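Structure, as structure tokens:
The values are calculated or read from the model by the stated rules, or taken from the named source; none is laboratory data. All of these numbers come straight from a predicted model, not from anything done at the bench. Neighbour counts run over all protein chains shown; Cβ positions are idealised from the backbone, glycine included.
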Amino acid sequence: MKASSGALLAAVMAIAAVASTAVAKDYTVGGSYGWDTYIDYDKWTAGKTFIVGDTITFKYEPYHNVLEVPETDYDSCTASNPFSVHSGGNTTFELTDAGTRYFICSIPRHCLNGTMHVKVTTVPYSASAAAAAAAADAGPSAAPLPSAPADEQHKSMSPAAAPSTASSAPRYRQPAVAVAGLALAALVAMAA
């Protein structure tokens, strides 16, 4: 019985680990507008709860870039000491640790004009953080993205079709219940 208890505990822990990573969400920075000069990224991050395991994806035109920088470079909009430099139009960062990370575009005046910089604060995974993230996605209090000035709108965007800040992707659907269900299934399977 002792050996089967150890195996059961190992199985439950493995299931819990897999289930906790299965609830991660990918955020597209700036929503459907992406990484561009006319988005207020402070408004975009407002009301969002980024959880360890989530990812953020920057989608941008070839004339932009994305640099992860220390806070001092973020505050001064300089790229003197970047942690990483990316180009190519599609860059994803996994949020692996709790804390704040800082991103800028180093093209002249893109950060200095007050827009192409974003800080993302990530919290550890917990049931309460997941619930807060789910509530933020579902609630009407999420901060909407601003409309682009008429002279800066992309030709492919219709001014009448404002992007939604809510994602249609599954989001933190009661992970504790999912883990408990998987653990129960493992118990039943091992008992049989």
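Odds and ends about this structure:
- Identity of the residue in the range 34-48, buried (at least 18 other Cβ atoms within 10 Å of the Cβ) and charged (D, E, K, R), that ends up farthest from Val23 (Cα to Cα): Asp36
- Candidate set: the range 72-105, residues that are of a type outside the set (Lys, Arg) and in contact with a Lys or Arg (Cβ under 8 Å, 6 or more places away or on another chain); chosen: the one farthest from Thr49 (Cα to Cα): Gly89
- Contact annotation: residue pairs with Cβ atoms under 9 Å, 6 or more positions apart or on different chains, pairing a residue in the range 88-106 that is touching a residue at least 12 places away in the same chain (Cβ under 8 Å) and closer than 12 Å to His64 by Cα with a partner that is among the acidic types (Asp, Glu) and loosely packed, with under 14 Cβ neighbours inside 10 Å, are Gly89/Glu61.
- Within the range 1-33, the set of residues being of a type in the set (S, T, N, Q) and either at pLDDT 95 or above or surrounded by 13 or more Cβ atoms within 10 Å (Cβ to Cβ) (or both) comprises Ser20, Thr28, Ser32.
- Output for the range 49-75, where each listed residue is within 12 Å of the chain's Cα centre (by Cα) and surrounded by 20 or more Cβ atoms within 10 Å (Cβ to Cβ): Thr49, Phe50, Ile51, Asp54, Ile56, Phe58
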